[in-house]
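Student: Please see the structure below; I have some questions.
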Amino acid sequence: MPMHRLLMILAAAALAHAAQAQPTAPKPAPKPAAMPQHAGFDARDPASLIALLSGLGATANLAERTDTEVKLGVTTPTYSFGVQFVDCSADGRGCQGLAFTTSSDSGRANLAQMNGFNQTSITCRAFMDNAGRPHVVYSTLLSAADTREEMRTHLGVWQGCLSTFGAFLADPNGYLAAAP
């Protein structure tokens, strides 16, 4: 049998088989991923952070509010700090970022040492106020998709900032000498 005849028979058999095959229903379009449900938690709402801190044994109170900012005073069993929500809507929600901050009355560092601290940390920023008092800040952007666990992570980073800044202030030269 010539080769072209064999190919024609195979092609005809394939077509016959395809005609008998059951047509498949088109696959439905994939649904867009649903936004995660946070059980009422909204990282952009200061009330959500207040509730989270309360569950962790801290107390947070409204310290100040402007048209675009909400400031909280936070007290834990071992220390106090401030939280500043920024770029908020008129109702004090929908904030676009926040900063954790505190200052120290103990321990002094000069401006060169403070700059050295900033060179050792990617997340914690140190500065001196006009009175020469050292401050440390950790800030982050916020979104509607941020979860309670992500906010707990930010709180953990903030605790790390407090710890390293405390070690720095206790011995600025020693801290900087041992820093990477």
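Student: Looking only at the stretch 49-72, count every residue that is assigned to a helix (DSSP H, G or I), in contact with a helix residue (DSSP H, G or I) (Cβ under 9 Å, 6 or more places away or on another chain) and surrounded by fewer than 17 Cβ atoms within 10 Å (Cβ to Cβ) and tell me the total. Give the derivation first.
Tutor: Taking the stretch 49-72 as the starting set, the residues that turn out to be assigned to a helix (DSSP H, G or I) are 49-55.
Next, from what is left, pick out any that are in contact with a helix residue (DSSP H, G or I) (Cβ under 9 Å, 6 or more places away or on another chain): 49, 52-53.
Among the residues that remain, those that are also surrounded by fewer than 17 Cβ atoms within 10 Å (Cβ to Cβ) are: none.
The number of residues fulfilling the criteria is 0.
Student: Right, here's the next one. Mind checking whether some residue in the stretch 143-162 is over 17 Å from the mean Cα position of the chain (by Cα) and in contact (Cβ under 8 Å) with a residue 24 or more places away in the chain? Reasoning before the result, please.
Tutor: So in the stretch 143-162, the residues over 17 Å from the mean Cα position of the chain (by Cα) come out as 162.
With in contact (Cβ under 8 Å) with a residue 24 or more places away in the chain added as a condition, the list becomes 162.
Looking for residues that are over 17 Å from the mean Cα position of the chain (by Cα) and in contact (Cβ under 8 Å) with a residue 24 or more places away in the chain, one finds at least one in the stretch 143-162, hence yes.
Student: May I pose another question? Could we say that F85 is at pLDDT 95 or above, part of a strand (DSSP E or B) and crowded, with 18+ Cβ neighbours inside 10 Å here? Outline the logic, then answer.
Tutor: Working: at pLDDT 95 or above: yes; part of a strand (DSSP E or B): yes; crowded, with 18+ Cβ neighbours inside 10 Å: yes.
Considered against the rule, which asks whether it is at pLDDT 95 or above, part of a strand (DSSP E or B) and crowded, with 18+ Cβ neighbours inside 10 Å, F85 comes out as yes.
Student: Additional query: Quick check on the stretch 140-163. Is at least one of its residues in contact with a strand residue (DSSP E or B) (Cβ under 8 Å, 6 or more places away or on another chain) and assigned to a loop (DSSP other than H, G, I, E, B)?
Tutor: yes
Student: Any idea which of A126, A167, A131 is free of Cβ contacts under 8 Å to residues at least 12 places away in the same chain, under 15 Å from T102 (Cα atoms), surrounded by 13 or more Cβ atoms within 10 Å (Cβ to Cβ) and of a type outside the set (K, R)? Spell out how you get there, then give the answer.
Tutor: Values: A126 fails: free of Cβ contacts under 8 Å to residues at least 12 places away in the same chain; A131 fails: surrounded by 13 or more Cβ atoms within 10 Å (Cβ to Cβ).
The match here is A167.
The values are calculated or read from the model by the stated rules, or taken from the named source; none is laboratory data. This is a predicted model, so every value here is computed, not measured. Glycine also receives a Cβ, built like all others from the backbone with ideal geometry; neighbour counts cover every protein chain displayed.
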